[in-house]
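The values are calculated or read from the model by the stated rules, or taken from the named source; none is laboratory data. Predicted model, so just to flag it, every value in this text is computed and none were measured. Here the Cβ positions follow ideal geometry from the backbone for every residue, glycine too, while neighbour counts run over all protein chains shown. Surface areas here come from the heavy atoms of the whole protein model, side chains and all, with no ligands, DNA or RNA. Shrake-Rupley method; radii C 1.70, N 1.55, O 1.52, S 1.80 Å.
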Amino acid sequence: MDKRGYRKKWRKIGIKGFLCLMIIMLLAACNGEPEGTSSSADASEGKSDLPQGVTDSEILVGFVGPQTGATAIYDSSRKAVESYFNYINENGGVNGRTLKLVAYDNQGEPAKTVQMVKRLVEQDKVFAMVGNVGSSANLAVLDYYKQTGIPVIMPGTGNKQLMDPPIPNVLGGSVINYSIEAKLLLDYAVNQADAKTIAIAYQNDDLGKEGYEAIKEAIGNYADVEIVEEVNFLQTDVEFSSQAQKIQNAKPDAVIVLSTPNPAANFKKALYRIGANDITYIVASVGGNDSNLFELAGEDVWNGTISAATIPIPGGGDESDSLKLFVERFGSDHPKEPLVGVSQSGWGSAEVFVEGLKRAEDNLDWPSFLETFYTFDNWKDSIYAGVSFSEENHYGVTSLYLTEAKDGKIESTSVIMTVDPKTGEVTSD
């Protein structure tokens with residue numbers, strides 16, 4: 001055979017081979033997948049029904065709050081959440097799953113909070129948010145919470161806009177609502193401190209304004225009591241000379257301060273420097289119920305400050321098992337952190353979240369998980385005095401008691417008072 005015939009023969013074989021290969025591929029497409037690939041049926045059988053952030057062995061949880069910056073004192077909350085999660089993990093996890101906290105530092109800035117929450121939801125794919133710190137920070141991202149439906153459990157705020165009217169996927173606040181608390185502090189000033197003239201000093205943001213407006217609304221309920229001065233400031237302010245001078249000039253019997261810790265400390269130092277020390281100094285729980293204030297303001301300055309708390313103080317007697325565990329475990333993990341105030345709120349937030357997981361069992365799709373919290377009816381097995389939720393009540397924590405700074409310690413000075421968020425009725429334990 002010559003070369004021309006040889007090439008012709010192989011050209012015919014090549015065409016036949018190509019046609020055979022095409023037939024094989026068509027048959028494979030009709031009858032099955034080539035070995036080594038997964039059919040659509042196989043893929044669906046292996047597909048997980050678990051929500052994002054949940055595997056058979058782990059649950060991812062998001063947290064955003066200040067670790068540095070002007071409100072870095074609030075980082076105790078993150079440390080407490082992590083401490084409680086570690087305790088749970090060491091004791092078998094929740095229904096066989098361990099908890100992993102993914103936390104970012106927003107330096108107390110709302111704009112950074114938006115970026116970080118989106119990162120947690122869209123990139124890290126967390127299952128839920130627990131204890132996110134700050135009123136303005138949480139309000140900045142509230143629309144995104146609503147849009148995504150991500151469970152937001154016990155955010156670190158008492159701002160009413162996150163609780164009333166109820167938002168399906170936002171449950172509770174790690175402190176009592178600011179309006180409710182402000183009215184109770186006013187009542188203390190009038191009926192226990194015998195104040196006839198009141199001054200208000202408030203942080204000019206979502207935290208301070210809510211309590212300020214509540215006091216302005218409630219003052220009319222008290223005969224012969226008047227507001228004689230109002231001053232405001234920013235969370236980042238460190239100089240309070242002008243505000244202190246205005247308060248001194250007004251000569252109030254009491255001043256109610258609605259702020260975070262640093263301004264509350266600096267404001268009282270300014271009053272102390274000009275000798276305005278005979279004014280009853282009352283501070284909202286978010287700014288006053290923390291033993292760090294003795295260091296921030298100075299012990300002599302801070303002594304005598306009246307505040308409030310949503311959680312019993314360690315060493316006060318009749319301590320719950322949860323409070324004892326908190327003191328033992330968190331105190332061991334973070335021996336330099338205070339055992340009152342922000343750290344307690346972080347621990348309590350984590351307890352409420354974990355209890356929700358336990359009750360949900362394996363029903364962890366977001367709607368089912370959120371529905372579980374409606375079974376909380378004055379639940380007392382956490383560090384809080386009691387936690388309740390319903391479709392109409394997303395406050396969660398509605399109990400507090402008054403405290404006084406004395407000899408370098410925060411001491412309780414009243415029984416526990418519980419407020420009905422609908423009626424405003426106060427009952428005492």
Rh by Kirkwood over Cα pairs, then Stokes-Einstein D for the range 163-299 at 1.567 mPa s and 4 °C, µm²/s: 85
Amide proton proximity set for MET129, modelled H, under 5 Å, gap of 5+: GLY62, VAL152, ILE153
Projected area, mean over directions - the range 296-429, Cα convex hull, nm²: 9.6
Relative contact order of the range 280-417, defined on C-alpha pairs under 8 angstrom at six or more residues apart (%): 30
Two-decimal log10 I(q)/I(0) for the chain, as the Debye equation yields it once each C-alpha is a single scatterer, q = 0.07, 0.13 Å⁻¹: -0.39, -1.09
Antiparallel DSSP beta bridges within the chain, percent to nearest 5: 35
Overall dimensions of the range 226-379 as given by Cα atoms, namely Rg and Dmax in Å: 19.8, 62
Tail beyond 23 Å, pair distance distribution of the range 88-178 (Cα, percent): 24
Average Cα contact separation per residue, the range 185-315, under 8 Å, 6 or more apart, as relative contact order %: 24
Estimated [θ] at 222 nm from DSSP helical runs (n ≥ 4, -39500 (n - 2.57)) normalised by residues in the chain, nearest 500: -13000 deg cm²/dmol
Per residue, in Å², the accessible surface of the chain once ligands and nucleic acids are set aside, probe 1.4 Å: 47
Relative contact order of the chain, pairs being alpha-carbon contacts under 8 Å that are 6 or more residues apart, as %: 15
Intensity falloff of the range 207-253 expressed as log10 I(q)/I(0), Debye formula with alpha-carbon point scatterers, at q = 0.20 Å⁻¹: -0.82
Low-density loop cleavage sites - trypsin sites (Lys or Arg not before Pro) in the range 328-363, where at most 11 other Cβ are within 10 Å (DSSP): LYS336
Computed lengthening from THR427 to GLU226, 0.36 nm per intervening residue step minus Cα-Cα distance: 69.7 nm
Assigned charges on the beta-carbon of Lys, Arg, Asp, Glu; the chain dipole about Cα centre (debye): 3200
Carbon/sulfur fraction of accessible area - the chain, other protein chains in place, 1.4 Å, %: 48
